[in-house]
2 protein chains.
Amino acid sequence: MSLPHAILTALLEKPSSGLELTRRFDRSIGYFWSASHQQIYRELGKLEAEGYIRALPAEQPARGQKKSYEVLPAGRAELTRWTAASQDPKPLRDPLLLRLRAAAVVGTAGIEADLRHHLHLHRRQLAEYEEIQQRDFPPGSHTPQNRLQHLILRAGIDLETFWTRWLMDALEEFERLPAQDPPSRDSTV
Amino acid sequence: MSLPHAILTALLEKPSSGLELTRRFDRSIGYFWSASHQQIYRELGKLEAEGYIRALPAEQPARGQKKSYEVLPAGRAELTRWTAASQDPKPLRDPLLLRLRAAAVVGTAGIEADLRHHLHLHRRQLAEYEEIQQRDFPPGSHTPQNRLQHLILRAGIDLETFWTRWLMDALEEFERLPAQDPPSRDSTV
DNA sequence: CCCCACATGTAATCCGTTACATGATTAT
DNA sequence: ATAATCATGTAACGGATTACATGTGGGG
């Protein structure tokens, strides 16, 4: 149940139309909560029906016309409630680690190239975060709001740093590994 | 599309019944790909229908009776194919970071206790991983298979280490923060 | 005999993804 | 006029979660 609250947060920061939200979910907020435009439009409809947001009164009927939304008091209250409520962290779910585990059983053929690909993408993301850090959080800029935002960004930076290092480790391990492909302790195949 | 492959991997390691798989998904494999028993039973049905696995012939008809499965050659082939195929990493999705961002808008009241709770859980998970490391990967035990498994475990350890550190950082930040709750630059509420 | 744990499932709902549809505006 | 682009949606599907249902076997 996070998407509606992500949208409420974005709309509080700045009232927007569906497409503008979609754009913003490709940057800032999307760095840790992505969403497609279909999800966003559907959710905007629900939020409006529940009385959490409303369309800005600019008299646009329907399709093809821009339609901006703003948060109503009930929406802000709901977001406040959700922010303060306790939630358990979800267990980790990572396809790449799963694939490595599978590779330990059926052989590592082909996986190395993909590790390189992942490494490339994580490096790029890390560079993007570091650019943002230099631009938006120069040393000595700390209002309370800034501190929180910077804390969030640092999580992103540290996570990408972890993945980058771990993937380099993994690739090193693979180079040292005998290139044998299927361990095949199971010879029935 | 990872669950069926997680199940195939688990069944290759050891033929099992649905409940046994559920148990194993609460430990080892579940550390990076969790699944409920409902998901597992449904998926076992599909995998059997597709000819990837079969029930071990022990003549059990239906409900209440144990029913074990083993992987067929087609299943192993499919797992091999999937392991080698390239996949893009999914963008990060983390409700806690989202909540912090929301807190920067509607106030940080109540969130600190939950950060402590998360910290506790991550510390516990880290301790569990480290125990496994000492038990299963003592220094000097490196068959190729072991190296891969250890690599995967190290990812878990490093991730939990990251979260533990980051949460301690965050809590420190909160203590330094003025205890004001709603920044409320928006006074229309 | 009854209850509980073991074991296997079904049903309803929600969320996310993919593909497609439609209207309005602007440039050529 | 027409094509491209902006903008808002619909429909269909599949995976995950939650709640519930059903049957077996053993201990008290």
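Give me a single rounded figure for A:160-169: the average over its residues of other chain Cβ atoms within 10 Å of their Cβ.
So the per-residue partner count for this stretch is 2.
Relative to the longest principal Cα axis of chain A, at what angle does helix A:3-13 sit, 0 to 90 degrees, rounded to 10?
Value to nearest ten degrees: 50.
Please compute the per residue accessible area over the range B:95-176 with all protein chains in place, 1.4 Å probe, rounded to a whole number of Å².
Result: 46 Å² per residue.
Rg over Rh of the protein assembly as shown, using C-alpha atoms and the Kirkwood radius, what does it come to?
Radius of gyration over Kirkwood radius for the protein assembly as shown works out to 1.02.
GluC sites (Glu not before Pro), restricted to the range A:18-95: which are DSSP loop and have at most 10 other Cβ atoms within 10 Å?
When the GluC sites (Glu not before Pro) of the range A:18-95 are filtered for loop state and at most 10 Cβ neighbours within 10 Å, A:59 remain.
Pop the C-beta distance of residue B:56 and residue A:19 into the FRET formula with R0 = 45 Å and round what comes out to the nearest 0.05.
Between residue B:56 and residue A:19 the formula returns 0.25.
Taking each residue of B:139-145 in turn, how many C-beta atoms of other protein chains fall within 10 Å of its C-beta, and what is the average?
The shielding value for this peptide is 2.
If you find the alpha carbon centre of the range A:112-172 and of the range B:144-175, how far apart are they in angstrom?
First find each Cα centre; the distance between them is then 15 Å.
For n ≥ 4 DSSP H runs only, could you compute -39500 (n - 2.57) per run for chain B, divide by its residues and tell me the 222 nm figure to the nearest 500?
On the way: 7 runs with 116 residues, N = 189.
Result for chain B, helices only: -20500 deg cm²/dmol.
Give the angle, between 0 and 90 degrees and rounded to the nearest 10, that separates the Cα long axis of helix A:73-84 from the longest principal axis of the Cα atoms of chain A.
Computed tilt is about 30 degrees.
Between residue B:26 and residue B:70, what's the calculated FRET efficiency when r is the beta-carbon distance and R0 is 30 Å? Round to 0.05.
FRET efficiency, residue B:26 to residue B:70: 0.90.
Can you pull out the buried accessible area for chains A and B, both sides counted, probe 1.4 Å, rounded to the nearest 100 Å²?
Separately minus together, A and B give about 7400 Å² buried.
More than 22 angstrom separation, counting every C-alpha pair in the range A:95-176; what % is that?
The answer is 40 percent, as a whole percent.
What does the convex hull of the alpha-carbon atoms of the range A:3-84 project to on average, in nm²?
5.2
In peptide B:71-80, what is the residue-averaged number of other protein chain Cβ atoms found within 10 Å of each Cβ? List each step's numbers first, then the result.
Numbers: counts 4, 2, 2, 1, 1, 7, 2, 1, 6, 10.
For this peptide, the per-residue mean of nearby foreign Cβ atoms is 4.
For the range B:1-76 and the range A:6-28, what is the separation of their Cα centres, given in Å?
Taking the Cα centre of each part, the range B:1-76 and the range A:6-28 sit 42 Å apart.
May I ask for the Kirkwood hydrodynamic radius of chain B, worked out over all distinct Cα pairs and given in angstroms to one decimal?
20.2
Percent relative contact order of chain B, based on C-alpha pairs within less than 8 angstrom and at least six residues apart?
The value is 20 percent.
The values are calculated or read from the model by the stated rules, or taken from the named source; none is laboratory data. Bear in mind the structure is a predicted one, so any value in this text is a computation, not a measurement. We place every Cβ from the backbone using ideal geometry, glycine too, and count neighbours over all the protein chains shown. The accessibility values were calculated without ligands, DNA or RNA, using every heavy atom of the protein model including side chains. Shrake-Rupley method; radii C 1.70, N 1.55, O 1.52, S 1.80 Å.
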